[in-house]
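*Asks:* Have a look at this one.
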Amino acid sequence: MIPVVVGLGSNIDPERHLAAALRRLRNHPDLGVVATSRIYRSKPVGAPGTPDFLNAAVLVRTDLSPPELRRVLRGIEADLGRIRGPDPNAPRTIDLDLLLHGDLVEDFGGWEVPDPNLARHPHVALPAADVAPELRHPIEGTTLEELARRLDDGSVIPMGVSTNPDPFEAADFDDVRDYAAPVIEGSIRSLLAELGEDPKREGLRRTPLRVAKALEFLTSGYDATVAEVVNDAVFDAEGAEEMVLVKNIEYYSLCEHHLLPFFGKAAVAYLPKGKIIGLSKIARIVDVFARRLQVQERLTNQIADALTEILDPHGVAVVIEGRHLCMMMRGVQKQDSAMVTSAMRGTFKEDARTRSEFLDLVRD
């Protein structure tokens, strides 16, 4: 897996677009995000009155080639509303630039690796040095830390250092080399104050960032699709007609009514019709839908419908048992209660013997 540095920049609603871009990078199946830089503010190049840029960088490991990775980055830009026009300095929702790809030096005809801006501009070099200080620039011969030190002219300000009031400054970017959504952090900070707490006290100082990161993970299913997690792991299997069952699949989700967790185990079965799916992909499909704001009834049906669409099998069956904290720790406060939901498709719905066999196996 090759170490790669990707630069991020935005000056249109940057708190939303930087967070959204980072979430997509983290969730991409071919990218492993290793480190995230602090957030830096820089002055724009272009017309007066253009908003300041916020810049960051991530270190990822991937086996994608530079053209493949660039297509991924351009796809994320397009998803976030980036429109490329004739003015290269125009405001933009997001920039995702491939700055460094291992020790590769290559001209791809219109763009290069490493990105020439990495050795020219502090707003590019400083975030890159945050995530990979010891990585060497293959042309300059210096480490990224040395390169950033040489280019640093004081014009690029790490967030949290500026004395101007700003919604980003509430996050502890100096100490936490990670980035979540500052809008969520600000909301959590306000919520703590409304509850009568002091968000500035030691025990709560980083809580808004932690909660934002936790919510980002717990709702990461919104940025994942079944097609992405399956990733072509559907195989021809002529003659395979017996039931395939995966049970005791742990899941964790958030009740959409109270934002309290519900959790438990799922059992998923299908009767193949010439196609089978990689074993781990069934659990990943469960996670795609569980990591959203949910109700258990809908979660059960979404899993069944997804497998039906992917495999076109003779039938699909899903049973989920869940324990809901919204019922256990508030409301009626029944700690031993559990909810069971099922969804049957095809043969499992039409044939009582097949359905009975599935339920007997689940109970064992």
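*Asks:* Considering only the range 230-249, how many residues are closer than 20 Å to Leu359 by Cβ and either within 23 Å of the chain's Cα centre (by Cα) or not assigned by TED's automatic domain parsing to the domain that holds Met328 (or both)? Spell out how you get there, then give the answer.
*Replies:* First pass over the range 230-249, keeping only residues closer than 20 Å to Leu359 by Cβ: 241-249.
With the extra rule that they be either within 23 Å of the chain's Cα centre (by Cα) or not assigned by TED's automatic domain parsing to the domain that holds Met328 (or both), the set shrinks to 249.
Residues that pass the stated criteria total 1.
*Asks:* Okay, next question. Answer yes or no as to whether Val6 is modelled with pLDDT of 85 or more and part of a helix (DSSP H, G or I). Quick ask: steps written out before the conclusion?
*Replies:* Details: modelled with pLDDT of 85 or more: yes; part of a helix (DSSP H, G or I): no.
No; evaluated as a whole, the condition is false for this residue.
*Asks:* Is it the case that some residue within the range 272-284 is part of a strand (DSSP E or B) and either of a type in the set (Ser, Thr, Tyr) or over 25 Å from the mean Cα position of the chain (by Cα) (or both)?
*Replies:* yes
*Asks:* Taking into account only those residues within the range 200-209 that are surrounded by 14 or more Cβ atoms within 10 Å (Cβ to Cβ) and without any contact (Cβ under 8 Å) to a residue 24 or more places away in the chain, which is nearest to Leu18 (Cα to Cα)?
*Replies:* Of all residues in the range 200-209, those surrounded by 14 or more Cβ atoms within 10 Å (Cβ to Cβ) come to 204-209.
Now restrict to residues that are without any contact (Cβ under 8 Å) to a residue 24 or more places away in the chain: 204, 207.
Values: Leu204: 24, Thr207: 20 Å.
Only one residue fits best here, namely Thr207.
*Asks:* Between Ala224, Ala212, Ala267, Ala233, which is surrounded by 13 or more Cβ atoms within 10 Å (Cβ to Cβ) and free of Cβ contacts under 8 Å to residues at least 40 places away in the same chain?
*Replies:* Only one candidate qualifies: Ala212.
*Asks:* Still on this model: So, in the range 237-257, exactly how many residues are in contact (Cβ under 8 Å) with a residue 40 or more places away in the chain and either loosely packed, with under 14 Cβ neighbours inside 10 Å or part of a strand (DSSP E or B) (or both)? Walk me through how you get there before you give the answer.
*Replies:* First, the residues of the range 237-257 that are in contact (Cβ under 8 Å) with a residue 40 or more places away in the chain: 241, 243, 245, 247, 251, 253-255, 257.
Cutting the leftovers down to either loosely packed, with under 14 Cβ neighbours inside 10 Å or part of a strand (DSSP E or B) (or both) gives us 241, 245, 247, 251, 253-255, 257.
Qualifying residue count, the range 237-257: 8.
*Asks:* Spot the failing condition for Val340; the list is (1) without any contact (Cβ under 8 Å) to a residue 60 or more places away in the chain; (2) within 28 Å of the chain's Cα centre (by Cα), and only one is missed.
*Replies:* The one condition Val340 does not meet is (2).
*Asks:* Out of the range 258-271, which residues are part of a strand (DSSP E or B), closer than 28 Å to Arg330 by Cα and not small (Gly, Ala, Ser)?
*Replies:* Pro261, Phe262, Phe263, Lys265
*Asks:* Residue check: is Arg71 surrounded by fewer than 20 Cβ atoms within 10 Å (Cβ to Cβ) and within 20 Å of Asp130 (Cα to Cα)? Spell out how you get there, then give the answer.
*Replies:* Details: surrounded by fewer than 20 Cβ atoms within 10 Å (Cβ to Cβ): yes; within 20 Å of Asp130 (Cα to Cα): no.
It is false that Arg71 is surrounded by fewer than 20 Cβ atoms within 10 Å (Cβ to Cβ) and within 20 Å of Asp130 (Cα to Cα).
*Asks:* Please enumerate the residues belonging to the range 199-215 that are small (Gly, Ala, Ser) and under 24 Å from the mean Cα position of the chain (by Cα).
*Replies:* Scanning the range 199-215 gives Ala212, Ala214.
*Asks:* Would you call Leu299 part of a helix (DSSP H, G or I) and touching a Lys or Arg at 6+ places or on another chain (Cβ under 8 Å)?
*Replies:* Details: part of a helix (DSSP H, G or I): yes; touching a Lys or Arg at 6+ places or on another chain (Cβ under 8 Å): no.
Criteria not met by Leu299.
*Asks:* Just checking, which of Glu146, Glu134, Glu140 is in a helix (DSSP H, G or I), over 18 Å from Asp97 (Cα atoms) and among the charged types (D, E, K, R)?
*Replies:* From the options Glu146, Glu134, Glu140, the qualifying one is Glu146.
*Asks:* Quick check on this structure: which one of Asn55, Asn27, Asn89, Asn11 is at pLDDT below 85 and surrounded by 20 or more Cβ atoms within 10 Å (Cβ to Cβ)?
*Replies:* Asn27
*Asks:* Would you mention how many residues in the range 302-329 are surrounded by 21 or more Cβ atoms within 10 Å (Cβ to Cβ), in a loop (DSSP other than H, G, I, E, B) and out of contact with any helix residue (DSSP H, G or I) (no Cβ under 8 Å at 6 or more places or on another chain)?
*Replies:* 0
*Asks:* I would also like to ask the following. How many of the residues in the range 311-337 are more than 33 Å from the chain's Cα centre (by Cα) and of a type in the set (A, V, I, L, M, F, W, C)?
*Replies:* The number of residues fulfilling the criteria is 1.
The values are calculated or read from the model by the stated rules, or taken from the named source; none is laboratory data. Just so it is clear, the model here is predicted, and its values are computed rather than measured. Note that we place each Cβ from the backbone using ideal geometry, even for glycine, and neighbour counts take in every protein chain shown.
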